[in-house]
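Input: a single structure, listed below in structure tokens.
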Amino acid sequence: MAPKKKTNTEDYLRMYRQMVRIRAFEDNANQLYLSAKMPGLTHMYSGQEAVAVGICEALEDSDKITSTHRGHGHCVAKGAEFKQMFCELLGKEEGYCRGKGGSMHIADQSHGNLGANAIVGGSMGIATGAALSARRLGKKDVTVCFFGDGATAQGLWYEVMNMAALWKLPVIYACENNGYSEYTKTDEIAAGSITARAEAFGIEAHMVDGQDVLAVNDLAQKLVARARKGEGPFFIELKTYRYHGHHVGDINRDYYRSKDEESEWKKVRDPIANFGKWLESEGVVTADELVAINDEIRADAEAAVQYALDAGYPPANEVDMHVFAGVDHALAYV
Amino acid sequence: MTREITLSKAVNEAIAEEMRRDETIFLIGEDVAEAGTPFKVLSGLVEEFGTDRVIDTPIAEPGFMGIAVGAAMTGSRPIVDLMFGDFIFLVMDQLCNQAAKTHYMSGGKLSVPLVLRTNLGATRRSAAQHSQSLHALVAHIPGLKVALPSSAYEAKGLMKTAIRDDNPVVIFEDKLMYNDKAPVPEEEYLIPFGEANVMRQGRDVTLIGTSSMVQVCQKAAEILEKEGISAEVIDPRTIVPLDEETILNSVRKTSRAIVVDEGHQNFGITGEIASRISEKAFYHLDAPVQRMGAMDVPVPFSPALEDITVPTPEGVADRARLICRGELVHAA
């Protein structure tokens, strides 16, 4: 942990809680998958919590984010509720998207989350456009575009970075480099340096330890404030690690990643455990208080899971609703 | 008051009027500002609205398409200018995976009110990558509306409706018609989507033509009239939504139909409309429904070859004659 003065206990505790909430959400989502209670599949954010929380805690509610297929962490960090998220994962009517999106498309526009995206790099244009829109409409909103190291291979990124830099848009490109592009080491898919890609467009680029929530938050606070003043765009590469496979079904992964490597990260670099220890050592909380926070959040998540399991599916007549805005049922329209 | 203006001017007027009405509208694309596009459709707009609302982009179609989607999701109403319809392949992910699906995937919470204006049409000697009519590709994707103006009057009214629509709308203008004039009222008017225009009443055969092919059908009807064959001509105006009822009512009356469209014939608009007629008006038919699309070859450069790839008035009249006289054995 970076040495920090104990300046804001409430902020620290909120960041800790948000990270624990993401971990608890993911543990339950994984369990739902393993017990065959969840349709489809999902991609776990566990291990990367400090990235989403460190950045989203630097944002206002009206600031926008775009998220990825590995998006539960961003969604929780931007203010979403467990119940509606689990309902969405299970395809239930009370989900954020009435069950029409699922894990890979959760959007929570009430907190500025423009949605997860199942096309790798697919939201880079959307984030840049949200930043253009904010500036054109005289709003002060900043947009953060989350994406993984794998998405840096997509051409779209270079097109929109060029325009964001030309037009000085209030957008921050946040690359979560978890070392793996699906089932392949990032070293094998990315030539040269990732930060240099942004720098080539004259974009100020930073690299930060994505396991250190305070370091992430500190950098994000500064860049968000500057982007709001019109000094953007910015780029951040956050070095992090995903604990699970590419998706929940990616269990036997020795061929691309060793168990030793995984346990090393979990043991030494866990963002939640390390931040908890730091909070204790700084006298912000006691070990017992941390346990109580964890227990409370775990119970909350489990209750939300049960709620979602008991919740109803959308009625069949919803299938052709929401195809077009302003059209009740698309099949009677087209 | 009505005056005659070009299709190009009609589009320009529609956009200017809407931009004056609604500050959230902006134009974005390659060479839309000072250049006013290669076809000069947007000339003068940057002078009135400034570079903040008429935004020149780098040559990066997926990039500015994606930017428009994000802007549309957050309170803006972008009009995206795609220089040639052929470039739609470049924006397919942003258009079809993002714009078209966002409203649905978010359970109706997010909307994408944007217009993608582009063009179609061959016989401009522009070869295979600047001549395609690709509207069927986007009409296939749920969540996108597709408008095909067939004159200056149509272009203005449909563009204004498109801009006010809360969904992604793709408008294909026929690039060979930009200089064609038609009477256009000075007063404001809008043309609603999903209401076909019966251009000409007839008894013997229904000619359904889209975009550039409306004129072809009109001319075919004139040829046929001299031979005593009465053709009804219908312009669907939008293919999504499609005014099925007007088409079916006409075919129930005439008992014969030819669908003419400049997109490739195979797996195209002509097949879709013909199939709906066959499914829903089969027992009214006296002849198999005919499809006449663009030839299923890449558009050739040589004028000698290009001209034979697109339906012509004579070709449509020939086909109508065959089905009206019961002489059709097998359509080619």
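Observations, loosely collected:
- Taking every alpha-carbon pair under 8 Å whose residues sit at least 6 apart, chain A reaches a relative contact order of 23 percent.
- Flagged links, alpha-carbon separation over 30 Å, of A:LYS78/A:LYS239; A:LYS64/A:LYS259; A:LYS239/A:LYS277; B:LYS109/B:LYS175: A:LYS64/A:LYS259; B:LYS109/B:LYS175
- Counting all C-alpha pairs of segment A:175-334, share separated by more than 21 Å (%): 70 percent
- Principal-axis analysis of the Cα atoms of chain B puts helix B:244-254 at an angle of about 20° to the longest axis.
- For segment A:227-325, the list of GluC sites (Glu not before Pro) that fall in a loop by DSSP and count at most 16 other C-beta atoms within 10 angstrom reads A:GLU231, A:GLU282.
- Potential lengthening between A:SER35 and A:GLU231 on full extension [0.36 nm per residue; Cα-Cα distance subtracted]: 65.7 nm
- Of A:LYS92/A:LYS140; A:LYS267/B:LYS101; A:LYS229/A:LYS266; A:LYS229/B:LYS101; A:LYS37/B:LYS101, those spanning more than 30 Å from alpha-carbon to alpha-carbon: A:LYS92/A:LYS140; A:LYS267/B:LYS101; A:LYS229/A:LYS266; A:LYS229/B:LYS101
- Cα-based shape type of the protein assembly as shown, given that a ≥ b ≥ c are square roots of the gyration tensor eigenvalues and the cut on a/c is 1.5: prolate
- Cβ neighbours within 10 Å from other chains - mean over A:159-166: 5
- Segment A:121-138 and segment B:189-207 have their alpha-carbon centroids 40 Å apart.
- Counted over the protein assembly as shown, the DSSP beta bridges are approximately 20% antiparallel.
- Rough spin-label spacing in nm, given labels placed 7 Å along Cα→Cβ, for B:GLU47 and A:GLU188: 6.0 nm
- Test item: A:134-141 mean partner chain Cβ contacts at 10 Å: 4
- Linear extension gain, B:ARG21 paired with B:GLU245, 0.36 nm per residue minus alpha-carbon span: 77.3 nm
- Within chain A, the selection of entire DSSP H helices by a Cα span of 27 Å or greater along the long axis and an average Kyte-Doolittle value of at least -1.0 returns A:9-34, A:287-310.
- Within segment A:9-310, percent of DSSP bridges classed antiparallel, to nearest 5: 10 percent
- Here the calculated FRET efficiency for A:THR9 and A:ALA332, from their Cβ-Cβ distance with R0 = 56 Å, stands at 0.45, rounded to the nearest 0.05.
- For segment A:5-71, GluC sites (Glu not before Pro) meeting the loop criterion (DSSP other than H, G, I, E, B) and having at most 10 other Cβ atoms within 10 Å: none.
- 0 to 90° range, to nearest 10: angle between helix B:152-164 axis and chain B longest Cα axis: 50 degrees
- For segment B:146-237, applying the loop criterion from DSSP together with a ceiling of 14 other beta carbons within 10 Å to the GluC sites (Glu not before Pro) yields B:GLU186, B:GLU187, B:GLU188, B:GLU195, B:GLU227.
- FRET efficiency, 1/(1 + (r/R0)^6) with R0 56 Å, evaluated for B:TYR189 and A:ASP310 via beta carbons: 0.55
- Angle between chain B longest axis and helix B:61-73 axis [Cα atoms, degrees, rounded to 10]: 80 degrees
- Relative packing of peptides B:33-45, B:52-64, A:167-179 - highest average C-beta neighbours within 10 Å first: A:167-179, B:52-64, B:33-45
- Across peptide B:92-103, the average count of Cβ atoms from other chains found within 10 Å of a residue's Cβ is 4.
- Within segment B:197-324, antiparallel bridges make up roughly 20 percent of the DSSP beta bridges whose residues both belong there.
- Between A:GLU60 and A:GLU261, the simple spin-label model (points 7 angstrom out along Cα→Cβ) gives 4.2 nm.
- Sequence-separation-based contact order of chain B, relative, with Cα cut under 8 Å and 6+ spacing, percent: 16 percent
- Cα shape, segment A:9-310, gyration tensor, a/c 1.5 rule: rounded
- Measuring nothing but how far apart in sequence close Cα pairs (under 8 Å, 6+ apart) lie, relative to its length, segment B:2-185 scores a relative contact order of 29 percent.
- Centroid-to-centroid, using Cα positions, segment A:176-203 and segment B:29-84 are 31 Å apart.
- Efficiency of FRET between A:ASN274 and B:ILE59 - r from beta-carbon atoms, R0 45 angstrom, step 0.05: 0.45
- Each Lys and Arg contributes +1 and each Asp and Glu -1, all at the Cβ; summed about the Cα centre of segment A:9-310, the dipole is approximately 1000 debye.
- Cross-link reach list, aspartates and glutamates versus A:LYS100, counting only Cα pairs under 12 Å and skipping chain neighbours closer than eight places: A:GLU88, A:GLU318, A:ASP320
- Of all aspartates and glutamates in the structure, those lying under 20 Å Cα to Cα from A:LYS83, and not within fewer than 8 positions of it along the same chain, are A:GLU26, A:ASP27, A:GLU49, A:ASP61, A:GLU93, A:GLU94, A:ASP108, A:ASP295, A:GLU296, A:ASP300, A:GLU302, A:ASP310.
- Prolate/oblate/rounded label for segment B:2-185 (Cα gyration tensor, a/c 1.5): rounded
Computed from the coordinates by the stated procedures, all read-outs in this text should not be read as laboratory data. Everything numeric in this text was worked out from a predicted model, so none of it was measured. When we count neighbours, we look across all protein chains shown, and the Cβ atoms used for this are built from the backbone with ideal geometry, even at glycine.
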